[in-house]
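The values are calculated or read from the model by the stated rules, or taken from the named source; none is laboratory data. Remember, it's a predicted structure, so these values are computed and weren't measured experimentally. Note that we place each Cβ from the backbone using ideal geometry, even for glycine, and neighbour counts take in every protein chain shown. Note: accessible area is taken over every heavy atom of the protein model, side chains too, but ligands, DNA and RNA are not part of it. Shrake-Rupley method; radii C 1.70, N 1.55, O 1.52, S 1.80 Å.
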Amino acid sequence: MDPADDPDFISEEGSGGQLQVPYSSLSAGWIGRPDPVFVPKQSTPLEDESEHGDGPIPRFALWSMRYLGHSHFLNRPEIEIRQRFGEGVNAVYVMDDGRKYCLVCRQVGSGPDGCTYALVAQVTISSYENLVDGAPVLSVFSAARSWSLCAVYEAVDAVSNVAVVETYRTVDEVPVEYLPPHPPVEFE
């Protein structure tokens, strides 16, 4: 069977087809395009050339924080923050997010498809300073906002990707097993 005969086939040039809407003669261009326009050959650039190698933040954490970071055209941080607190499964990673905030991240688990799951939240600079001064990691997470669970797929010879799996409004909505000091979860 020729893959082009499959109505769901998407080539590198895009699908180019019309959306079939029952009982209507609307085209996909009028109501939106539900299928991808193209299949990318390269990943979105989520890391700088200067960050190759073993830095304080592993790729899954760096990519998920960059993906969720807020654009700060006029509110750039005075210093760049890239730090790790703790070791192993208890490690928490911090990255600046403008002058007033930082993003904190920890590994929540992994999946059979090769994804690494990370919990990312935004904290104030004062919460980050408390962490530097030795505050417990859980206290910093409990003061956070804008919670997201991200899936990070890092491919060697293919396209890598970051996706937001779930968002939470408060720390009370975050599953307890995602918070420190719980070990990583094996997702199915």
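For the structure I just gave you, tell me whether Arg84 is modelled with pLDDT of 90 or more, part of a strand (DSSP E or B), open to solvent by 70 Å² or more (accessible area, probe 1.4 Å) and touching a strand residue (DSSP E or B) at 6+ places or on another chain (Cβ under 6 Å). Considered against the rule, which asks whether it is modelled with pLDDT of 90 or more, part of a strand (DSSP E or B), open to solvent by 70 Å² or more (accessible area, probe 1.4 Å) and touching a strand residue (DSSP E or B) at 6+ places or on another chain (Cβ under 6 Å), Arg84 comes out as yes.
Picking from residues in the range 119-153 that are in contact with a Cys (Cβ under 9 Å, 6 or more places away or on another chain) and either farther than 14 Å from Val94 by Cβ or of a type in the set (Asp, Glu) (or both), the one that is modelled with the lowest pLDDT is Tyr153. Based on this model, can you work out whether Ala143 counts as open to solvent by 10 Å² or more (accessible area, probe 1.4 Å) and either among the small types (Gly, Ala, Ser) or free of Cβ contacts under 8 Å to residues at least 12 places away in the same chain (or both)? For Ala143, the condition - open to solvent by 10 Å² or more (accessible area, probe 1.4 Å) and either among the small types (Gly, Ala, Ser) or free of Cβ contacts under 8 Å to residues at least 12 places away in the same chain (or both) - is met.
Would you call Val156 touching a residue at least 12 places away in the same chain (Cβ under 8 Å) and of a type in the set (A, V, I, L, M, F, W, C)?
Taking the combined requirement at face value, the residue does not satisfy it.
For a quick check of your reading of the model, give me the residue pairs whose first member lies in the range 108-122 and is more than 19 Å from Val156 (Cβ to Cβ) and open to solvent by 30 Å² or more (accessible area, probe 1.4 Å), whose second is in a loop (DSSP other than H, G, I, E, B) and not aromatic (Phe, Trp, Tyr), with beta-carbon atoms closer than 9 Å and at least 6 apart or on different chains. So the pair list comes out as Tyr117/Gly111; Tyr117/Pro184. I'd like to check something: does the range 90-100 contain any residue that is open to solvent by 40 Å² or more (accessible area, probe 1.4 Å), among the hydrophobic types (A, V, I, L, M, F, W, C) and assigned to a loop (DSSP other than H, G, I, E, B)? Looking for residues that are open to solvent by 40 Å² or more (accessible area, probe 1.4 Å), among the hydrophobic types (A, V, I, L, M, F, W, C) and assigned to a loop (DSSP other than H, G, I, E, B), one finds none in the range 90-100, hence no. The residue of the range 146-158 that is farthest from Cys102 (Cα to Cα), among those that are open to solvent by 60 Å² or more (accessible area, probe 1.4 Å) and in contact with a strand residue (DSSP E or B) (Cβ under 6 Å, 6 or more places away or on another chain), is Tyr153.
Residues of the range 159-182 that are closer than 14 Å to Arg106 by Cα and open to solvent by 80 Å² or more (accessible area, probe 1.4 Å): Val176, Glu177, Pro181.
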